[in-house]
Each structure stands twice: as structure tokens, then as C-alpha cells.
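K.L.:
Just passing along the structure, written as C-alpha cells.
The values are calculated or read from the model by the stated rules, or taken from the named source; none is laboratory data. Keep in mind that what you see is a predicted model, and the values were worked out from it rather than measured. Heads up, the Cβs are rebuilt from the backbone with ideal geometry, glycines too, and the neighbour counts pull from every protein chain shown.
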Amino acid sequence: MEKLLTVKEAAARLGTTERFPRRLIAERRIRYVKLGGHHVRIPEVALTEFIAAGTVEPMPELTWRDGRVVA
């Protein structure tokens, strides 16, 4: 079974306040597990997937000519 993180733990891993992961949950932008009536946990894998989905890879070095990029 995968590790489940509290909202506080998820926020710490993201380097944000607790409000950000709570908003992700409310907007259903991240997978979560509901325990009982009010408790939610974020699977560690879901947090990793969320980070990976938002990761932007650097572009290769570009050549500029006359103010435009040349491939």
C-alpha cells in the first residue's frame, strides 16, 4: 500500500502553505483519499505525479538571427 500524506505533509513537500494542497483537492486537480467524514490524505505517488505533470524541461540552446529564433 502506498504512503498517504496529510495536507500538512504535502504542503511541506511542495514548499507551500496548507491552503495550496487543500485547493488542489477542492478543485480535484490531485488524487486524494477521503477517510471518514472530514479527513483527507494525498497518496505520495499522486503528489509525485502532480509535480511531474507541471515540470517544464529546458529547451535546447537556440540560435537567434535578426531578432528571431532559427531552428
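K.L.:
Quick check on Lys8: is it out of contact with any helix residue (DSSP H, G or I) (no Cβ under 8 Å at 6 or more places or on another chain) and assigned to a strand (DSSP E or B)?
P.N.:
Considered against the rule, which asks whether it is out of contact with any helix residue (DSSP H, G or I) (no Cβ under 8 Å at 6 or more places or on another chain) and assigned to a strand (DSSP E or B), Lys8 comes out as no.
K.L.:
Anything in segment 32-53 that is within 20 Å of Glu2 (Cβ to Cβ) and in a loop (DSSP other than H, G, I, E, B)? List them, or say none.
P.N.:
Tyr32, Gly36
K.L.:
Taking segment 54-71 as the search range and keeping residues that are among the β-branched types (Val, Ile, Thr) and part of a loop (DSSP other than H, G, I, E, B), which one is surrounded by the most Cβ atoms within 10 Å (Cβ to Cβ)?
P.N.:
Filtering segment 54-71 down to residues among the β-branched types (Val, Ile, Thr) leaves 55-56, 63, 69-70.
If we keep only those that are part of a loop (DSSP other than H, G, I, E, B) as well, we get 55-56.
Values: Thr55: 7, Val56: 5.
Result: Thr55.
K.L.:
For segment 5-26, check the following and say yes or no: at least one residue is touching a Pro at 6+ places or on another chain (Cβ under 6 Å), of a type outside the set (Gly, Ala, Ser) and modelled with pLDDT of 95 or more.
P.N.:
Yes, segment 5-26 has at least one match.
K.L.:
Among the residues of segment 24-37, are any hydroxyl-bearing (Ser, Thr, Tyr) and out of contact with any helix residue (DSSP H, G or I) (no Cβ under 6 Å at 6 or more places or on another chain)? It would help to see each step written out before you state the result.
P.N.:
Keep residues of segment 24-37 that are hydroxyl-bearing (Ser, Thr, Tyr), which gives 32.
Pick out the ones that are also out of contact with any helix residue (DSSP H, G or I) (no Cβ under 6 Å at 6 or more places or on another chain) and you get none.
Looking through segment 24-37, none of the residues is hydroxyl-bearing (Ser, Thr, Tyr) and out of contact with any helix residue (DSSP H, G or I) (no Cβ under 6 Å at 6 or more places or on another chain).
K.L.:
Still on this structure, please answer the following. Looking at Arg29, Arg22, can you tell me which residue is more than 20 Å from Met1 (Cβ to Cβ), outside any loop (DSSP other than H, G, I, E, B) and free of Cβ contacts under 8 Å to residues at least 40 places away in the same chain?
P.N.:
Result: Arg22 is the single residue among Arg29, Arg22 that is more than 20 Å from Met1 (Cβ to Cβ), outside any loop (DSSP other than H, G, I, E, B) and free of Cβ contacts under 8 Å to residues at least 40 places away in the same chain.
K.L.:
Under 9 Å between Cβ atoms, at least 6 apart or on separate chains: pull out the pairs that start in segment 51-63 with a residue that is under 27 Å from Arg31 (Cα atoms) and end on any residue that is surrounded by 10 or more Cβ atoms within 10 Å (Cβ to Cβ).
P.N.:
Ile51/Arg13; Ile51/Leu14
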